[in-house]
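Notes to accompany the following structure.
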Amino acid sequence: MPKIGMEPLRRKALIDATISAIGERGSLDVTMSEIAGRAGVSSALAHHYFGAKDELLFATMRHILAELNADTRRAFRPAATPRQR
């Protein structure tokens, strides 16, 4: 029986592991097995959550872009006028 509430944590761990693995190797040639090992989950679980490696890479890019969006919005929030931005 799966642990309730673990899916978001495991997905985040897999995304973080993907960023780490690609950053360390400087290549997209990392395997799902390597990423899953870094995240502390089985490769079968990684495939269960994301399907193919491409889907994990897409989810990773969406995560990075969402963080960039949030950081950009926070940086511009204090400016009262467009000229101040």
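The values are calculated or read from the model by the stated rules, or taken from the named source; none is laboratory data. No experiment lies behind these values; they were computed from the predicted model shown. Don't worry about glycine lacking a Cβ; one is built from the backbone with ideal geometry, like all the others, and counts go over all protein chains shown. To get the accessible areas, we keep the full protein, side chains included, count just its heavy atoms, and leave off ligands, DNA and RNA. Shrake-Rupley method; radii C 1.70, N 1.55, O 1.52, S 1.80 Å.
Sort out for me the helices (runs of 4 or more DSSP H) sitting completely within the range 1-73 that have 2 or more residues that are surrounded by 11 or more Cβ atoms within 10 Å (Cβ to Cβ) and in contact with a Phe, Trp or Tyr (Cβ under 7 Å, 6 or more places away or on another chain).
Filter on the range 1-73 gives 7-25.
Residues are listed down the side, and each one gets a yes or a no for (1) within 18 Å of Glu7 (Cβ to Cβ); (2) among the acidic types (Asp, Glu); (3) touching a residue at least 40 places away in the same chain (Cβ under 8 Å):
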| site | (1), (2), (3) |
| --- | --- |
| Gly37 | no, no, no |
| Ser43 | yes, no, no |
| Tyr49 | yes, no, yes |
| Glu55 | yes, yes, no |
| His63 | yes, no, yes |
| Asn69 | no, no, no |
| Arg74 | no, no, no |
| Arg77 | no, no, no |
| Ala80 | no, no, no |
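Looking at the range 74-85, which of the residues that are open to solvent by less than 80 Å² (accessible area, probe 1.4 Å) and of a type in the set (A, V, I, L, M) is nearest to Phe50 (Cα to Cα)?
The qualifying residue nearest to Phe50 (Cα to Cα) is Ala75.
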